[in-house]
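Comments concern the structure below.
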């Protein structure tokens, strides 16, 4: 089962055809699309996805002029709603069940505004460590001198918090000394801010994880695509109580 996570920038707009071409090329089973914009952009994107075989699309839509996360799949899933309803924009953290897998699509806000979202995510995921759980998307967060050139991000400690509760930043685990950036600023500074955090049991079985930079370099979005391959698994206990 291939997952594709991608910040499509401002809902896609006039780049929708290029976005759909890229999605088709990567042949993913499940899409996690961030910077999904409400209003007409949402309707056009949802229609294009369904026409391309992604019959199941999350129902939660950001209000017009707001952005959040959308999950689409070729197979049926159960939408569980926002991870936390108390944050200002709950459509930025969306839970779905794909069989026994609890998948959370993520689109964090910028700067200090992301703190309550991170706190909610860590608190909830501490209850999911014993099952198959995954948080994937645009976290707008990076580790100093590894995922960014300097030490700009003051919320990087939340990535350590995820590690402390047992969730693995799979790309960093696989490539401890790797330098690969999934977004570039207009100043040419690179940052790896698109991540996948997996529970221990899921991380142990996960297949390949990689970034595709061609789409960013071609201007289809200002983010690279994150691709993650997971094995299918027979039904089992889902995750710890309270999740």
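What follows is calculated from the coordinates using simple rules that are stated; it is not laboratory data. Note that this is a predicted model, so its numbers are computed, not measured. As a convention, Cβ positions derive from the backbone with ideal geometry for all residues, glycine included, and neighbour counts pool all protein chains shown.
Observations on the model:
- Remark: 97, 153 ranked as 97, 153, counting other beta-carbon atoms within 10 Å and listing the fewest first.
- With the helix formula -39500 (n - 2.57) applied to DSSP H stretches of n ≥ 4, the chain reaches a computed 222 nm mean residue ellipticity of -6500 deg cm²/dmol.
- For 104, 154, 127, order by how many other beta-carbon atoms lie within 10 Å, fewest first: 154, 127, 104
- Shape class for the chain: rounded, because the ratio a/c of the largest to smallest gyration tensor axis (alpha-carbon atoms, square roots of eigenvalues) is under 1.5.
- Considering only beta bridges that DSSP places wholly inside the chain, some 75 percent are antiparallel.
- Where labels lie 7 Å past Cα in the beta-carbon direction, separation of residue 177 and residue 88 in nm: 4.2 nm
- Using R0 = 30 Å, the C-beta based FRET efficiency linking residue 184 and residue 229 works out to 0.70.
- Mean Cα-pair separation over length for segment 2-229, i.e. relative contact order, pairs under 8 Å, 6 or more apart, %: 19 percent
- Distance-filtered residues of segment 104-124 - backbone nitrogen under 18 Å, label point 7 angstrom along residue 154 Cα→Cβ: 109-119
- Cβ crowding within 10 Å, taken as a proxy for footprinting-reagent exposure, orders 148, 88 from fewest neighbours to most as 88, 148.
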